[in-house]
1. State all residues of region 379-432 that are assigned to a loop (DSSP other than H, G, I, E, B), surrounded by fewer than 17 Cβ atoms within 10 Å (Cβ to Cβ) and of a type in the set (D, E, K, R); if no residue qualifies, say none.
2. Could you check how many residues of region 39-69 are touching a residue at least 60 places away in the same chain (Cβ under 8 Å) and open to solvent by 30 Å² or more (accessible area, probe 1.4 Å)?
3. Looking at region 251-264, I want the residues that are not assigned by the TED database to the domain that holds G221 and have a partner that is open to solvent by less than 10 Å² (accessible area, probe 1.4 Å) with Cβ atoms under 8 Å, at least 6 apart or on another chain. Which pairs are those?
4. If E140 passes every condition in (1) under 23 Å from P55 (Cβ atoms); (2) at pLDDT below 90; (3) outside any strand (DSSP E or B) but one, which one does it miss?
5. Testing L68 on (1) at pLDDT 60 or above; (2) farther than 23 Å from I133 by Cβ; (3) among the hydrophobic types (A, V, I, L, M, F, W, C), one condition comes back false. Which one is that?
6. E357: under 21 Å from the mean Cα position of the chain (by Cα) and charged (D, E, K, R), yes or no?
7. Return only the number of the condition from (1) of a type outside the set (A, V, I, L, M, F, W, C); (2) part of a helix (DSSP H, G or I); (3) touching a helix residue (DSSP H, G or I) at 6+ places or on another chain (Cβ under 8 Å) that N254 does not satisfy.
Amino acid sequence: MKRGFFLSIFGIVLFGLIVWLTVKFWPKPSDTIYEYYKKEKWEKVISLVKKSASPTPEDLFYGSQSLLKLNADLVSMDAEDRAKISTRLQKENGISSGKSLESKGEFPVFEDPFLLQLRPGGYWRQKAILSRIEIAGEWEDDILFLRDLKELIRSNPVTLGISNYSIVLKKALRRETKLSDGDQNKVSELLGFLSVREDSNLLGSRFKNTGENTNLRTGPGTENPGKTRLKKGILLYAIDKDPRSETVQGRKGNWVQVYIPELQISGWIFSHFLEEDPYPVTKAEEMFVEFSQSEKSQAWDFAFWTEDKIPPGFHGEYVPTEKLALDGDYGIVLYKAKTGKYKEICRIVEEPFRSLEFLTASLSGEEPVPIFKLYSGRPGEWKSAYQIDLDRESISINRNKYILGNASGKNRFQLGIFSANGATSASLLVGEKTVLQGISPEEELGSTEGVLFKLCLLQADKKSDSNAAAFQFKFLF
C-alpha cells in the first residue's frame, strides 16, 4: 500500500518536472522561425509568422524576406509549379498575388503583409526595403519600385551598412525611375555623401563633364548608340567601369558608367571627358554625424511604468519592485542578490547601435549591484557580452572597475561597442572622458553582421541593503 502511494507521488512529481522542463526549454516561436529561415524553408517561415498572435519585428522581417525569396525562386520554375505555390499560399496563409510579366511568362507577385506591419523608419523596415530593391526590382512594376525607392533614399545608410547600401542604390539607379525634384535632390546628396566614403562601392569621387555635347552611350564603346548629349560642366557619379582600356580620339582611357542626377539617367562616357569635382568633405561629415546620431528608436525610460507590471517592452520573469523619482527622472530599483542569482527581464534592441547611454544611481549599501547585462546574437543563440555593476564608489564592466569617488546620486555613462577585424570590444565614458577601453565580451561574439543586442535588467528574488536605480537607456547610432 505504502509502496504504491510513494510510486504515485513519485509519478506525479516526475510528470510535473517533465512538464516544467518542456515549457522552459520548448523552442519559442521566434527561435523556430529563425531556424526555418536558416534552412531556407520559406513557406514554413511565412506560415509561422502569419499565424503568430504577436510577431516581433524580427519575425516580421524574416516573414517578409522569406516571401521575397520564395518569389525569387519562382523565376526558375515552370508555370505549373508557380501556380501551385501561389494557390497554396492563398489557401493556407491568405496571401494573394498579382501578376507581372517577365521573360518566362506570367509571374505571380506576392503581396507582402509583413512589411506593412514593420515600423516606418525602423531598422527592420529599412533592411526589408533594402532587400526588396535588390531582389524584387527584377519583377516589380514601376509604381511599386518607385514606392520602394522613395523609402530607400530616406533610409539610414550608416545603420544599414554603407557598403551594402551603396551597392543596392547603384543597382536601383540603373533602372532610371523618375523622381520628384525633392527626391532627386535627396539622391544627389546621398551620392555626394557616398562618393567620399572609403567604405562605399561608388567608384571614387564626383565628376563633371569637360566636353561640349559629349555623347552618353548605352554601353561601353563607340559602337554603342548614343543616349543623349551632355552639356559641359554637368555633374556625374561613377557607378561602374569597363576594365578594358581603349583609345578614343587619340587618348587612352576606360569607359565609365555614370549616373546623372540632373537628368535622372545612367549611361557610359569615356574617362577622357571626366574631371574630378569632389563633393565637399565638410558637408559629407555633417551628413555622417546626422546619420550616426539618428534616434529612430526612442529612449527607454520608466515614466509610465506601474510597479505591479513588467516595464513596457520588456519580457521575462518579473519580480515586483519600486519605482523611484529623482530630480524629475523615474527609475526602477534593483537589488544585490545575497545568493548571487538573478531573474532577468529583457528587451531586444531593434536597431544596431554604436553606443548606449545610461542614467543610473547608487542608492545604498556597500556591495556592487548588477544594473544590466547585454547579450549579443539572436533568439535561440544569445551570447553574454557585457555586464555593468555599480556601487557607491565605482562602476565596472565585466569586472573591469573604474573608481568614481562618491557615486551617490545620478550619473550618466556611455558604453561604446566596437568591431574590428572580426573582434568586438567595448569602452566606457564618464562624461566626455573614456575611462575604460578594450574590454572583451564575456563570450566570443565573432562577426557582428546581422546580430542583435538584448538588454536585460537583473532582479534579485529578495531585497537587500545594497540597491541602485536605472532611469534611462538611450541608444546612439
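The values are calculated or read from the model by the stated rules, or taken from the named source; none is laboratory data. In this text the structure is predicted, and so the values were computed from the model without any measurement. Because the Cβ atoms are built from the backbone with ideal geometry, glycine has one as well, and the counts that use them run over all protein chains shown. Just so you know, the surface numbers come from the protein's heavy atoms only, side chains and all, with ligands and any DNA or RNA stripped out. Shrake-Rupley method; radii C 1.70, N 1.55, O 1.52, S 1.80 Å.
1. Kept after step one, since they are assigned to a loop (DSSP other than H, G, I, E, B), are these residues of region 379-432: 379-382, 391-393, 398-399, 404-407, 421-422, 431-432.
Right, trim to surrounded by fewer than 17 Cβ atoms within 10 Å (Cβ to Cβ) and you get 380-381, 393, 399, 405-406, 421-422, 431-432.
Scanning region 379-432 gives E381, E393, R399, E432.
2. Restricting attention to region 39-69, the residues satisfying the condition of being touching a residue at least 60 places away in the same chain (Cβ under 8 Å) are 49-50, 55-58, 60-61, 64-65, 68-69.
Right, trim to open to solvent by 30 Å² or more (accessible area, probe 1.4 Å) and you get 50, 55-57, 69.
Matching residues across region 39-69 total 5.
3. That search, which allows pairs on different chains as well, returns nothing.
4. (1)
5. Exception for L68: condition (2).
6. Numbers: under 21 Å from the mean Cα position of the chain (by Cα): yes; charged (D, E, K, R): yes.
Criteria met by E357.
7. (2)
Rundown of residues vs (1) hydroxyl-bearing (S, T, Y); (2) crowded, with 17+ Cβ neighbours inside 10 Å; (3) not assigned by the TED database to the domain that holds D240, yes/no style:
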site: Y165; (1), (2), (3): yes, yes, yes
site: K170; (1), (2), (3): no, yes, yes
site: K178; (1), (2), (3): no, no, yes
site: T210; (1), (2), (3): yes, no, no
site: N215; (1), (2), (3): no, yes, no
